[in-house]
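Take a look at the structure below.
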Amino acid sequence: MTLTVPDFDTYAVTSKPVALAINDTVLNVTWDDGHISQLPFLWLREYSPDPGTLNPATREQNLTVNELPRHLGIEAPDITVDGAIALTWQPENLRVTYHPGWLRAHCPQRPQPNYALPSVCSGQPPTSSSRQPSKAARLSMPVNSAVSSRLCIPTAWA
C-alpha cells in the first residue's frame, strides 16, 4: 500500500476496517479485531493526506485548523479493497483516502506509538522492551533536560 501518511514512518496494516458509521461529527471505524475507533471530523480533516492539506515532500501541513471549513461533513465513506478508508469532505467536495495502519496507530482510544523510549541516562540506545509510564505518571512528571550527551528521562519512567 503506497498511500501518503502525515509523517515519514511506515505503518503495517495489522487490522482492517470492516464497518464505517457517521455519528454527528465523528467517524466510527469498526476493525476486524472488534476495536472501534472514534475519529473526530476536525482531526481527520486536519491530517488529510491530500496535497492541498499535506505537503507530499515535507509532510508539513499546508493549512491551519482555522483555515478549514467551519462545518465539516463526510459523504460516501467507503472501505477500499486493500482496507484503506476513502471519504469525501464537504463542503469542499474533497475525496481523500486514509492509510488504515496510520489511522489505527493514531486511534485516540488506543494510540500505538511507533517508537521506543530511551533508556534512563545509560547512554544505551532504546529497546523495544522500554516501558511506558501510565497516563497518571506522565501527567505528574517534572520536565527534565538532557544531561551531557546522554538522554535522561524522569525517574517515574524507569
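The values are calculated or read from the model by the stated rules, or taken from the named source; none is laboratory data. All figures in this text were calculated on a predicted structure; none of them were measured in a lab. So basically every Cβ, Gly included, is an ideal-geometry build from the backbone, and we count neighbours across all protein chains shown.
Values computed for the structure shown
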item	result
Test: residue in the stretch 93-103 that is in contact (Cβ under 8 Å) with a residue 60 or more places away in the chain and more than 16 Å from Leu3 (Cβ to Cβ)	no
Residue within the stretch 60-80 that is modelled with pLDDT of 90 or more, of a type outside the set (S, T, N, Q) and under 11 Å from the mean Cα position of the chain (by Cα) present	no
